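Here is the structure we will look at.
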Amino acid sequence: MAGTKLNPSSSEPEAVMNAAKQNTKDANVNSCPKAARRMGSLGSDHGPRVQVEFYVNENTFKERLKLFFIKNQRSSLRIRIFNFSLKVLTCLLYILRVLLDDPMEGIGCWGCAKKNYLNTSSTDVIDWGSIFWVNRTLWLWGIQVTVALISFLETMLLTYLSYKGNIWEQIFRVTFILEMINTVPFIITIFWPPLRNLFIPVFLNCWLAKYVLENMINDLHRAIQRTQSAMFNQVLILICTLLCLVFTGTCGIQHLERAGGNLSLFKSLYFCIVTFSTVGYGDVTPRIWLSQLLVVIMICVALVVLPLQFEELVYLWMERQKSGGNYSRHRAQTEKHVVLCVSSLKIDLLMDFLNEFYAHPRLQDYYVVILCPTEMDLQVRRVLQIPLWSQRVIYLQGSALKDQDLMRAKMDDAEACFILSSRNEVDRTAADHQTILRAWAVKDFAPNCPLYVQILKPENKFHVKFADHVVCEEEFKYAMLALNCICPSTSTLITLLVHTSRGQEGQQSPEQWQRMYGRCSGNEVYHIKLGDSKFFGEYEGKSFTYASFHAHKKYGVCLIGAKREDNKSILLNPGPRYIMVSSDTCFYINITKEENSAFIFKEEEKQKRKGLSSEGIFGGASRLPVHSIIASMGTVAMDLQNTECRSSSGATLTLPSENGAGSRRPSIGPVLEIADTTVILPCDLLSDQSEDEANPSDDDSLPAPEYVKGYPPNSPYIGSSPTLCHLLPVKAPFCCLRLDKGCRHNSFEDAKAYGFKNKLIIVSVETAGNGLYNFIVPLRAYYRPRKELNPIVLLLDNPPENHFLEAICCFPMVYFMVGCIDNLDNLLQCGIIYADNLVVVDKESTMSAEEDYMADAKTIVNVQTMFRLFPSLSIITELTHPSNMRFMQFRAKDCYSLALSKLEKKEREKGSNLAFMFRLPFAAGRVFSISMLDTLLYQSFVKDYMIPIARLLLGLDTTPGSGYLCAMKVTEDDLWIRTYGRLFQKLCSSSAEIPIGIYRTESHMFSTSESQISINVEDGEDAKDVKDPWAGKSHRNSTSSDQSEHPLLRRKSRQWARRLSRKGNRQASKTDEKINQQRQELYHRSERQELSELVKNRMQHLGLPTIGYDEMSDHQNTLSYILINPPPDTRLELNDIVYLIRSDPLANVQNGSHSQKSSSFRLFPSNEAARSETQL
């Protein structure tokens, strides 16, 4: 090493040092021709040092020249640019010589007597002198000689430097031969002056210029580190080849025609262009055979060279089309674009993204760059060729893990990056790992680019916590399925809220429910600042409940939440104690946002300035707005009836007693501007004692279970939001969680033995993943009344792991059982006949289907079987593909179903994003696909508050002071309210609850049912019913099965009945018809009895009691749908379920000196000794 010291010891002889010096000298002599750099000093204070020399390859003068002319990119680039300039200059000098040369002045050698030029049109007579000799002025000759000499020296130098042992290889190169032809004759003319007028084909330097240009571009790319230039190089080579062919032909024909027709340079160029373009006018043609031979040679060369060039260009173009090329840097700097990163792009995912993204007006000018590692499939290619998308969507084949591909997509200039997981993978954890790496790569490359990430498993969510918005699929899925069990059709409610729609779906339908349902489906969540709003600006300084009610009454908008300017947390229904200020951000549900609304004030609004009308305050044909009444009359006594806490399902709005025997319409207390704490009684859900007193146990023999309220001690994954829940005082042993096996603590082996008071909720899952924890938490939340907690049974295909059991053992009435829905015995053992809801979760193992849409086949068939075996059971199914929901309760010959299918096709042709919304199972909330929530992530780009609001509604997040979603049922005692607007006022004034929609179930008579068919056949009206599928028809609830329906038999019986009706004896015909109907009903009854016997036999075999199995109690004549934010004048109907946002009970609990009684709850720590009580 340089400068290394060799300090000899005292025992070493001096000869060693001399030998070292001698070796160093030998190394200097025998080190081959390599330069040495001397390092270190020759001596030091501590003794002599050994001189060490480092050798490099550039030792000799040749190596240094090779480094400068060939190896170094920058210096080599300069040399090639100079060489290219010389070649172009020689071509320009040739053109200048042609323009200055006039053969009429005579031809001949330099200094010789000039011969006269013979201009002949004969093809046999050739003036060879005009071909060999030209007129070249002295100054032009001097310039050409100088250029030729420089080119010759440079060529010889480069040939010497590139010599590798084979001299003939260097000599017979085409470029070397051309250089010699164009330079050596000029050098000879220096020593032999008569040859200075000799013709030299200098125009051949164009091919040398082409060769130098190609090498120059390669050096340029290496010097500036430019990539992806193959297409550019090939286009450049093709253009240069065409130019060289045309230039060579032009100059060659022009010179050879000196001996013939004496064509000018322009006419020769014209002839070459016409010939190479295969037009061939024939007005200019070569006359002598020499020029004709040159044309033949040039055409042959073109036929060989050009197809090869075009083939290479087409190949590169096709490869570029596959990979997508690059997104223009200029476009990225002048236009806005977003990047979509996916593992594999399917047509459904692409269309959902494009339709939802471009549904917003301000995003119409955005470009979408798709970065996908796989090749574009045929369906996606066809869609992207549509003019609507071809100008705005750019597909790039590449990986987000490569900076090169991220640079192609101009990720650093993107407005946002959407990273979606591949949910069609069998191994979803592996799919999440790929998503995490993509998110890390994008964040590393473009740290300022906003990230929108989709994760499948909740345990992987904390890896992408840095992203701006994250949607965990399993979190939302299980929370939505859980709320579906207590708030019917929550999945449909959330899906409609996060889809962009104008509410035009179904408006041309003859069915009233479809028109109402389609109109209300256009409601979305919007936001606006209170100070800038006409909807809410007048309610500054008023309570939130007051603003919500009056905004709904006056404008039809539903105010659901607010956010302080200095607080990032969104509060849903913060309650009457929340006072609105001008800086608050209001979140409301409406058909369109306020900025797109037109305000048309009615006459009664104009009369507000003239004073109150002479009629009653709350009655009369023209009623003033309630806020005007309150302002005019001052203090108003409130209706304090039923202000106690109501349960989520059994609430009733009782008739006010002060109205007597109904002499006038009951009045509802107004909503106060400022909440009165002595009037609004909060729902103290933390007090178990009050709950027990108000709702005594029905069975005194059974002791009431002891529960505590606290936070679950064990979360199965990192990042779960803490939620106050009903918990067991002591954790249940793992053996007690097994439903079908007894243990030393209890001997129960089936659901009947437990004697549950409430109906069961059964969840069929393949594997107990961490996401299933989010199914249990909403059903055990502290605001759910204890007496209404439903037992939860997890029907698992695979045994759960201990860490999952550790997370759920603290919850009351949660059990598991190993089994599957394919096995009837497993269903009976888990208590399906005592269940109110069965949730069937999509299985990951079905993702391996060869055809993507077949992934739901097993689930659909199993659910259909359960519909027939247990018609009264409410089954909530999750499907992979939304398009497969049309197979739920599939009836091929049912006219109503066919009419719904036609309606769906029409809505899809109109461009609706919710064409599947009219399918009966979806409208009733009995089927759900997580892919329908992809729009939640897409909407977050415009509405960054959508994910937090959805999480609050589903109970995934619990913000202090924010309300929660619940439901109440309208009973006969509540029908005095009459309209939705009066219900809104009643709820706001009494319990400060905000209604947001109605779940309505209607009863109709089916024209396709058995009883209706018999009537139609007897009356001869069956043909009319078949013609109009909508007329007088109704469809069944999605929870029912279609046991009594056989379309084929119905059709045959109709045809048979018609034939009989045409015969003579009408009485005999009717008798035969009745016999046939009885036979058909007997057939149907026998089928039902067969299914019933099958179930009862299996129950007897398992030792289960058959009491309670009711095979006939289905809901065949009902349909259900959702009305989101209906108009205030919407009539309430019996059994309507109203969605409510109830204020946070904890926010109403007072401290210390307040009159409210504080309630205690227990925190449930992992260490029981550390358990303590906390006073709220």
Within the under-13-Å Cβ sphere about LEU1104, not counting LEU1104, Lys/Arg +1 and Asp/Glu -1 give a net charge of -1
Stretched fully, the stretch from LEU401 through PHE132 gains (0.36 nm per residue minus C-alpha distance, one decimal, in nm) 90.3 nm
In this structure, among LYS529/LYS553; LYS554/LYS593; LYS731/LYS787; LYS752/LYS787; LYS461/LYS593, pairs with alpha-carbon gaps over 24 Å are LYS461/LYS593
Rounded to whole Å and sorted largest first, list the principal axis extents of the Cα atoms in segment 256-302.
25, 19, 16
Full-extension gain between ARG78 and GLU312, please, as 0.36 nm times their residue separation minus the C-alpha to C-alpha distance.
81.4 nm
For ASP413, net neighbour charge (Lys/Arg +1, Asp/Glu -1) across residues whose Cβ lies under 13 Å away
+2
Based on the alpha-carbon gyration tensor of segment 462-516 and its eigenvalue square roots a ≥ b ≥ c, which shape applies: rounded if a/c is under 1.5, prolate if not and a/b is larger than b/c, or oblate?
oblate
Taking a crude spin-label model, label points 7 Å out from Cα along the C-beta direction, the ASP427 to GLN364 distance in nm is 4.7
Length gained if THR1106 through THR60 is fully extended, taking 0.36 nm per residue and subtracting the Cα-Cα distance, is 366.2 nm
Looking only at segment 573-597, which residues have a backbone nitrogen under 12 Å from a spot 7 Å from the Cα of ILE674 in the C-beta direction?
579
Relative contact order as a percentage, segment 246-308, C-alpha pairs under 8 Å and 6+ apart, gives 38
Unsatisfied cross-links (Cα-Cα over 19 Å) in the set LYS542/LYS969; LYS477/LYS843; LYS759/LYS969
LYS542/LYS969
Sites matching chymotrypsin sites (Phe, Trp or Tyr not before Pro) across segment 879-955 that sit in DSSP coil, with at most 14 neighbouring C-beta atoms within 10 Å:
PHE890
Rounded to one decimal in Å, the inverse mean reciprocal Cα-Cα distance for segment 746-814, i.e. its Kirkwood radius, is 13.1
Three-way shape label, segment 375-417, alpha-carbon gyration tensor, a/c 1.5:
oblate
For a quick check: with amide H placed at 1.01 Å from N, whose amide H comes under 5 Å from ALA416's, ignoring anything fewer than 5 positions away on the same chain?
VAL339
Along Cα→Cβ, 7 Å out, is where each label goes; now give me the distance between the ones at TRP440 and LYS593 in nm to one decimal.
3.7
For segment 240-373, what is the Kirkwood hydrodynamic radius in Å, using each pair of distinct C-alpha atoms?
19.6
At 7 Å along Cα-to-Cβ for each site, give me the label-to-label distance between ASN355 and ASP836 in nm.
3.5
Could you tally the net charge around VAL814, taking each other residue with its Cβ under 12 Å from the Cβ of VAL814, Lys/Arg +1 and Asp/Glu -1?
+3
Please label the shape of segment 165-271 as rounded, prolate or oblate, based on the square roots a ≥ b ≥ c of the eigenvalues of the alpha-carbon gyration tensor (a/c under 1.5 means rounded; beyond that, a/b larger than b/c means prolate, else oblate).
oblate
Mind listing the long-range amide H neighbours of ILE876? Cut-off is under 5 Å, sequence gap 5 or more, other chains count too, H placed in the peptide plane at 1.01 Å from N.
LEU838, VAL839, VAL840
Work out the count of Lys pairs in segment 279-434 where the Cα-Cα distance is under 22 Å, with the pair 8 or more places apart or on different chains.
5
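Every read-out reported here was derived from the displayed coordinates using simple, explicitly stated rules and does not represent laboratory data. This structure is a prediction, so every number in the text was calculated from the model and none was measured. Note that we place each Cβ from the backbone using ideal geometry, even for glycine, and neighbour counts take in every protein chain shown.
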